[in-house]
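The values are calculated or read from the model by the stated rules, or taken from the named source; none is laboratory data. The structure presented is a predicted model; accordingly, all values stated were derived computationally and were not measured. Neighbour counts run over all protein chains shown; Cβ positions are idealised from the backbone, glycine included. These accessible areas exclude ligands, DNA and RNA; they are computed on the full protein's heavy atoms, side chains included. Shrake-Rupley method; radii C 1.70, N 1.55, O 1.52, S 1.80 Å.
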Amino acid sequence: MFTLIIEDKQGIVVDEYSFEDGEFIIGRSHQADIVLQSDNVSRRHARLFTQDGKCFVEDLKAANGIWLNGKRIHNTSELPKSSQLRIGDFFLHLEGASQPRTVTQVVYGRLMPAAGSVGVPTDLAQASILVGRGKDCGIVLHDVSVSRIHAKIARLQDGRVCVEDLRSSNGTFVNDRRIENQQLAHGDRVRFGTVAFVFQLDGVPATETEDLRDAGQGGRLIPPPAGPRNWGAQLQAHSTVADPTAPSALLEPPRSVLPQIALVAVIAVAAVCLIVLVGIVYDKWMAAHPAVAPQVAPERHAPARDVAPTQPLDRGEFDLFVTRGQDAVARRQWDEAQDLFGKARKLDTIHPRPIEALNLINREKRNGAKFSQAEAAFAKRDYDAAIQANKSISQDSVYRPDANTALEAIAGLLEMDGDAACLAKDWLRCQNLYLTAMSTDFAKPEVSAKYAKAMKKHR
């Protein structure tokens, strides 16, 4: 186990990471795995990775370099125990033994794909296994909602199995609640981004736990990390404070009130039966004593208006619509989610959950339309329109990571076209291509230097 502690130039600890395996990019870019916000840190400054139980750092040709224990390094260097790295204004302290680790190959559990989710059944045998989109992960999930190094599943010495989120963009969820580090129980629903599994302990017979999880039964309440980084935190992260008006409580199914409704129904039926019985007795008595019956003159009555009877709220049906709507949101099936939350709102017009969900769904539908426009423009090589559409997508949208990936790809293509134009000495076109690439905010730092060089040549 390695621990990386990050301090700023005042010596204040600003972040801390714990890891055993994997590869991490350090830089200023928000797409980096470890983000250091400083002007003297390059967008992709360094690469930290593990191999055979040892930790290494590689300089990615950063302008301001890397210092290891006071000496500048230029290539790849092994980090000894208690190392200190200086990157820009930050000091990174690495603690942990650099020695090979033995891995116990005993299956202690497995991940079974949830209904409608990508993935394959996976046995868990390693004491620690990484989950992510990167090829160096033990469980590779090819989905845009999954970060390159997304999470870690580990079996502790006492036999407990825990899942830890490794600062992923779209979060790790247990029973649809965002977590940082949590112990897993048999039947728990574990979701990485939008890819969902059901965790099973080895030796425990399979049950219908997934249906119970989908219906919102069970699960432990874990407070989400401060400052949600995307729309999923607004729609799915739960607070430990039961505030029914907060968006964070949106997808937590309400507690069942069926026992209370059943009791009220029994009392109401008993009351109706009593009224009917009294009416029957009264009619028989009046029939036996006609002289006592009051003489009532015929009376005209206005036509009765159609009045819809008041129906009691079916809380179980309301919960079902909310839960199914939640699953539709996770699959980005906006029309289906809108229909389900619309039905929930008809059952309870004042409950905040359907209202908040419908507002978020409408925003995501607009963001999805913008992303489709960007894709269509990209296919036509209309890069200006594609850039504008991608940049107009909300920062907290589920489409934001896809848009960033597209912008990075466009920047790379424009840089290559600009290089070709420069070789052809078409300096004006070369400048325009480099300038458009920089407008994506994802161009490499050297594009700016190429643009300046092209401007000198054009003069």
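A compact table of results
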{"read-out": "Restricting the range 25-41 to residues that are open to solvent by 10 Å² or more (accessible area, probe 1.4 Å) and of a type in the set (Val, Ile, Thr), the residue that is modelled with the lowest pLDDT", "value": "35"}
{"read-out": "Residue 146 being more than 13 Å from the chain's Cα centre (by Cα) and open to solvent by less than 30 Å² (accessible area, probe 1.4 Å)", "value": "no"}
{"read-out": "Any pair with Cβ under 7 angstrom, 6 or more apart, that starts in the range 427-440 at a residue that is closer than 13 Å to residue 413 by Cβ and ends at one that is aromatic (Phe, Trp, Tyr)", "value": "434/451; 436/383"}
{"read-out": "Residues within the range 118-132 that are within 17 Å of residue 188 (Cβ to Cβ) and crowded, with 18+ Cβ neighbours inside 10 Å, tallied", "value": "5"}
{"read-out": "Selected residue [farther than 22 Å from residue 442 by Cβ, among the hydrophobic types (A, V, I, L, M, F, W, C) and either touching a Gly at 6+ places or on another chain (Cβ under 8 Å) or touching a residue at least 40 places away in the same chain (Cβ under 8 Å) (or both)] from 360, 423, 347", "value": "360"}
{"read-out": "Any hit, the range 96-112, residues being polar (S, T, N, Q), at pLDDT 80 or above and over 30 Å from residue 202 (Cα atoms)", "value": "no"}
{"read-out": "Within the range 341-447, helices (runs of 4 or more DSSP H) holding 3 or more residues that are surrounded by fewer than 16 Cβ atoms within 10 Å (Cβ to Cβ)", "value": "352-379, 383-391, 400-423"}
{"read-out": "Of all residues making up the range 156-185, the number that are touching a Leu at 6+ places or on another chain (Cβ under 7 Å) and either open to solvent by 40 Å² or more (accessible area, probe 1.4 Å) or at pLDDT below 90 (or both)", "value": "1"}
{"read-out": "Of the criteria (1) surrounded by 17 or more Cβ atoms within 10 Å (Cβ to Cβ); (2) at pLDDT below 85, which one residue 92 fails", "value": "(2)"}
{"read-out": "Qualifying residue in the range 392-404 (condition: in contact with a Lys or Arg (Cβ under 8 Å, 6 or more places away or on another chain) and over 23 Å from residue 32 (Cα atoms))", "value": "no"}
{"read-out": "Spans of strands (runs of 3 or more DSSP E) in the range 1-100 with at least 1 residues touching a residue at least 40 places away in the same chain (Cβ under 8 Å)", "value": "2-7, 13-19, 23-27, 46-51, 54-59, 83-87, 90-95"}
